[in-house]
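In what follows, a structure is listed as structure tokens, so that the remarks can point back to it.
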Amino acid sequence: TSDGSIDTTFHPVSASGGFNSSISALALNSAGTTLYVGGLFTTYRAAANSAFRIAKLSTTDGSIDTIFHPVSASGGFNNTVSALALNSAGTTLYVGGVFTTYRGGANSANRIAKLSTSDGSIDTIFHPVSASGGFNNTVSALALNSAGTTLYVGGSFAAYRAAICGYAGALDTSSGDLILP
């Protein structure tokens, strides 16, 4: 808060507060009302709230929105989320990391994913469900251009969709295609 005290509405001071493991990425919507969190964690505010490496939180009270983790289905990513980028409209969240699947393996997501912020669904045009989709190693950094048409990606990868791109690349945000010079 402005006086330096802990905001207990966002993270209650109790044994069940917060995440159960490390956080490596944050993205805040332009209104400042929603915080997207990525990392190695699997739960938030005790085991009752699944949060498999990604979570959508209210900045008002810290409550979790279960769009990424529907109660009736598997949720989240199968490994670490290390980078997040949110488009300016707040409708699309780009996720990078070590993961290879999303929502219990139902969706291939080789270290990159484009998710709807309204329902948590994955864009399968951006990341086609195939063995050659995505990156061949970790995505560590993401940045969007001001128009939201290009996603810049950095990491320890050497290829994207079987094309050589050596640790950095630029992707078309509509198709997921690699933009070549």
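The values are calculated or read from the model by the stated rules, or taken from the named source; none is laboratory data. Please read these numbers as outputs of a predicted model, since none were measured by experiment. In this analysis, Cβ positions are derived from the backbone assuming ideal geometry, glycine residues included, and neighbour counts consider all displayed protein chains. Accessible surface is based on the protein model in full, side chains and every heavy atom, while ligands, DNA and RNA are left aside. Shrake-Rupley method; radii C 1.70, N 1.55, O 1.52, S 1.80 Å.
Things to note:
- So residue 133, is it within 18 Å of residue 53 (Cα to Cα), free of Cβ contacts under 8 Å to residues at least 60 places away in the same chain, open to solvent by less than 50 Å² (accessible area, probe 1.4 Å) and part of a loop (DSSP other than H, G, I, E, B): no
- Scanning region 91-119 for residues that are in contact (Cβ under 8 Å) with a residue 60 or more places away in the chain and assigned to a loop (DSSP other than H, G, I, E, B) yields one hit, 117.
- Against the numbered list (1) open to solvent by 30 Å² or more (accessible area, probe 1.4 Å); (2) closer than 18 Å to residue 169 by Cβ, residue 86 comes up short only at (2).
- Selection of region 23-58 for residues being in contact with a Phe, Trp or Tyr (Cβ under 7 Å, 6 or more places away or on another chain) and not in a strand (DSSP E or B) yields 41, 42, 51, 52, 53.
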